[in-house]
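Notes follow once the structure below has been shown.
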Amino acid sequence: MHESVVWAIDEWHSPMYFFPRECPRLLLWPIEGSTAADIQHWMGESPPRMVAYIESVWVDRFSTCQLYRYELRIIERLQEVAHSLTSSLHFSAIRYRNAIEWDPPI
């Protein structure tokens, strides 16, 4: 593309972009057919609507952001939660090329 483009996203998916632009992140949310075991394993006992994972090296850059929509989980490498991609949850992996390590199982 050689022209300016403005991307729009609906309200429900907007939390995917409440991050520094280049920050690699993995967001998970249950969909119809998600198993209780996957939800509990990846999202916890009382799961929020959406869970976001970022690597710890991004915490300083992220610290000025305010989060209101989902629960943020900080881990050393996104690779630690890559197996969630084979679970029954829906996912969005954004800017994963900037992750310290990323070799998804799919």
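Coordinate-derived values only; no laboratory data. Quick caveat: nothing in here was measured; it's all calculated off a predicted structure. Because the Cβ atoms are built from the backbone with ideal geometry, glycine has one as well, and the counts that use them run over all protein chains shown.
Based on DSSP loop calls and a cut-off of at most 13 other Cβ atoms within 10 Å, the longest stretch of the chain free of exposed GluC sites (Glu not before Pro) is what?
On the way: sites that count: GLU3, GLU11, GLU22, GLU32, GLU45, GLU76, GLU101.
Looking at the chain, 46-75 is the longest stretch - no exposed GluC sites (Glu not before Pro) with at most 13 other Cβ atoms within 10 Å.
HN-Hα J couplings of the range 29-34 from phi, Karplus 6.51/-1.76/1.60, θ = phi - 60°, integer Hz, Gly and Pro as x?
These are the phi-based 3J(HN,Hα) values: 8, x, 10, 4, x, 5 Hz.
Sum -39500 (n - 2.57) across every DSSP H segment of at least 4 residues in the chain, then divide by the residue count to get the 222 nm mean residue ellipticity, nearest 500.
It lands at -2500 deg cm²/dmol.
Pick out, from VAL59, PRO104, ILE39, the residue whose Cα sits farthest towards the positive end of the charge dipole of the chain, with +1 on the Cβ of Lys and Arg and -1 on the Cβ of Asp and Glu.
VAL59
Roughly how large, in nm² to one decimal, is the mean projection of the convex hull of the alpha-carbon atoms in the range 29-98?
Working: hull surface 20.0 nm².
Computed as one quarter of the Cα hull surface, the answer is 5.0 nm².
Hey, what did the chain get for relative contact order, percent, Cα under 8 Å, at least 6 apart?
Values: 152 pairs, mean separation 36.5, N = 106.
It rounds to 34 percent for the chain.
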